[in-house]
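The values are calculated or read from the model by the stated rules, or taken from the named source; none is laboratory data. From a predicted model like this one, the values you see are computed outputs, not experimental measurements. Note: ideal-geometry Cβ built from the backbone for every residue, glycine included; neighbour counts use all protein chains shown.
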Amino acid sequence: MSVIMSSPPIIPLLLSGGAGTRLWPLSRQTKPKQFLALGSDYSLFQDTLRRCTGRLFDHRPIVVCSAAHRFLVAKDLEALNLSADILLEPMARDSCAAMVAGALRAVTRHPDALVLTLAADHRIPDTAAFQAAVGAALADAEAGYFITFGVTPRHPATGYGYILPGPPLREGGSFKVESFREKPDQAKARAFLREGYLWNSGNFMFHAQTFLDEVKALAPAVLKAVQEAMEAAATDQGFIRLDAGSFERAPRISVDYAIMEKTARAAVYPVTYDWSDIGSWETVWGILPQDDRGNASEGRAVIIDGQNNLVHSEDQLTALVGVDDLIVVATRDAVLVSRKGQAEQIKPLVQTLKDQGYPEADADIEYYRPWGHSDLIDQGEGYKARRVSVAPGGVIALQKHQHRAEHWVGVAGEAEDTIKGLTRHIAVNQSLYVPAGAWHELANRGRTPLILIEIQTGSELAVEDVIRHP
């Protein structure tokens, strides 16, 4: 294998897909778990970005995400004062296609690019240990190996894949991969621990062009489809939209199946730092501070005469009396109550909610756009009420609605509104009416957030009822 000399800084490649249904109702398809702050002041996505700072790393990461989550990604990046190349997948095609897209982007930035591929929803609290592991494995990636980071198991977990290390590549470096094993049952997991297996973290480091060459040999259909999707990609508001027709032709397959289990270049670097993919509410309970009776809580919660409970309460007060081993998650529009040990039932619960037509199964009441966000307050037959927050400099571009009228009341800041070509301003306690079919634009020209209460009325109140000015 050839050694890549004079390597540039490592480009972080964040894979931000998935729906995170196991953490419902806090995590939903419209706002999955990587955008949640769980036991941290930052979202999991932001914490992943924050781990990739310093001399080892390129200052501009690459993010591959769903088009539906693009504004969540942009918001989290902006809060950290970071910019990134954001590639939008038109549909999910699993990790191999996403990694190929990121690697193709990386080689356009530097032909000898090294890439560190990270799931955006993992928790690694020890940043120094993480960076030390990346630095220690760097020489093996430069030598052409595809490095995965294998976590020393703390218990016989059945929710993770496993890796058996083989012979070392060099002293103090990575090991050849002897075998990959899928998620085991409890008995096999205990045997894996005795035999020296590691948890498969699903995070990788490699030389981008070497990885693409191997994909061409082992999964050519994936490479061809993604290459064509990248070549036909369009730039939209700073996002890079992969061509849907081309990307759809990519086989839906994980990088483990497509590449890592077949290649002779697979290597594993063992790590001992704390790592979790936050795959259940029980995992969340385990990472939060607990009182002397094992209770953990976030938000407004009171627990009396109970032990080993988890309570997450967004706004309202949630109180537990005389109960043990419960998970209680209260959001503004849904409440989950479950016994601990039943985490595997939450995913089928969400599917049942979908089958029965509950919008809360997928949709969050917060709605993010480039100009800011809005929160659902109430809705009923023929009306919907939202709290709209427009960031300083934000503009809700010229548009009209065929089936609904809108009534706006100023709560904070000052709005500049143009309706039917007439421009005026809404201050606090003032209101405006936008009739159905009227072209209108709303802007925040000030330096503080603009907050409005918007009442929609009409026969059709769907978000899709909008015609934007060309």
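Matching residues to (1) surrounded by fewer than 18 Cβ atoms within 10 Å (Cβ to Cβ); (2) closer than 17 Å to THR117 by Cα:
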| position | (1), (2) |
| --- | --- |
| ALA219 | no, no |
| LYS224 | yes, no |
| MET230 | no, no |
| ASP236 | yes, no |
| ALA264 | yes, no |
| VAL271 | no, yes |
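Taking residues in the stretch 393-405 that are in the same structural domain as TYR433 (by TED's automatic domain parsing) and closer than 10 Å to ARG369 by Cβ, and partners anywhere that are at pLDDT below 90 and among the small types (Gly, Ala, Ser), the pairs with Cβ atoms closer than 8 Å and at least 6 places apart or on different chains are GLY394/GLY372.
Pairs linking a residue in the stretch 330-356 that is touching a residue at least 12 places away in the same chain (Cβ under 8 Å) and farther than 17 Å from GLY306 by Cβ to a residue that is of a type in the set (S, T, N, Q) and part of a helix (DSSP H, G or I), with Cβ atoms under 6 Å and 6 or more positions apart or on different chains, are LYS347/THR21; VAL350/THR21. Taking the criterion of being in a helix (DSSP H, G or I) and either over 22 Å from the mean Cα position of the chain (by Cα) or farther than 30 Å from ALA136 by Cβ (or both), the residues of the stretch 244-283 that qualify are ALA244, GLY245, SER246, PHE247, TYR257, ALA258, ILE259, MET260, TRP281, GLU282.
Among the residues of the stretch 398-426, how many are touching a strand residue (DSSP E or B) at 6+ places or on another chain (Cβ under 8 Å), within 27 Å of SER459 (Cβ to Cβ) and surrounded by fewer than 13 Cβ atoms within 10 Å (Cβ to Cβ)? Residues flagged as touching a strand residue (DSSP E or B) at 6+ places or on another chain (Cβ under 8 Å), within 27 Å of SER459 (Cβ to Cβ) and surrounded by fewer than 13 Cβ atoms within 10 Å (Cβ to Cβ) within the stretch 398-426 amount to 2.
Does VAL73 qualify as being touching a residue at least 24 places away in the same chain (Cβ under 8 Å), within 27 Å of THR210 (Cβ to Cβ) and either outside the structural domain of TRP285 (by TED's automatic domain parsing) or buried (at least 23 other Cβ atoms within 10 Å of the Cβ) (or both)? Taking the combined requirement at face value, the residue does not satisfy it.
Scanning the stretch 193-214 turns up no residue that is under 30 Å from ARG50 (Cβ atoms), in contact (Cβ under 8 Å) with a residue 60 or more places away in the chain, in a loop (DSSP other than H, G, I, E, B) and out of contact with any Phe, Trp or Tyr (no Cβ under 6 Å at 6 or more places or on another chain).
Scanning the stretch 232-241 for residues that are outside the structural domain of LYS183 (by TED's automatic domain parsing) and more than 28 Å from ARG51 (Cα to Cα) turns up nothing. So which of ALA266, ALA221 is in contact (Cβ under 8 Å) with a residue 40 or more places away in the chain and closer than 30 Å to ARG60 by Cα? Unique residue meeting the criteria: ALA266. The stretch 389-452 holds strands (runs of 3 or more DSSP E) entirely within its bounds, and those carrying 3 or more residues that are within 31 Å of the chain's Cα centre (by Cα) and closer than 23 Å to GLU78 by Cα map to 395-400. For the condition surrounded by 16 or more Cβ atoms within 10 Å (Cβ to Cβ), over 19 Å from THR30 (Cβ atoms) and at pLDDT 90 or above, what is the one hit in LEU326, LEU353, LEU336? Criteria check complete, one pass: LEU326. If you go through the stretch 177-195 one residue at a time, do you hit one that is surrounded by fewer than 20 Cβ atoms within 10 Å (Cβ to Cβ), at positive phi and in the same structural domain as GLN46 (by TED's automatic domain parsing)? The answer is no, given that none of the residues of the stretch 177-195 is surrounded by fewer than 20 Cβ atoms within 10 Å (Cβ to Cβ), at positive phi and in the same structural domain as GLN46 (by TED's automatic domain parsing). For the stretch 442-465, taking the residues that are free of Cβ contacts under 8 Å to residues at least 60 places away in the same chain and surrounded by fewer than 17 Cβ atoms within 10 Å (Cβ to Cβ), the one that is farthest from TYR383 (Cα to Cα) is identified as ARG447. Every condition in (1) charged (D, E, K, R); (2) over 27 Å from CYS52 (Cα atoms); (3) in contact with an Asp or Glu (Cβ under 7 Å, 6 or more places away or on another chain) holds for ARG265 except the one numbered (2). Scan the stretch 20-38 for residues that are without any contact (Cβ under 8 Å) to a residue 60 or more places away in the chain, assigned to a loop (DSSP other than H, G, I, E, B) and closer than 16 Å to ALA119 by Cβ and jot them down. Matches in the stretch 20-38: SER27, LEU36.
Of the residues contained in the stretch 53-71, none is found to be assigned to a helix (DSSP H, G or I) and within 19 Å of ILE278 (Cα to Cα). Of the residues making up the stretch 284-309, those that are closer than 24 Å to ASP41 by Cβ, part of a strand (DSSP E or B) and hydrophobic (A, V, I, L, M, F, W, C) are ALA296, ALA301, VAL302, ILE303.
Does LEU38 meet the test of being of a type in the set (A, V, I, L, M), under 10 Å from the mean Cα position of the chain (by Cα) and over 11 Å from ASP364 (Cβ atoms)? Answer is no for this residue.
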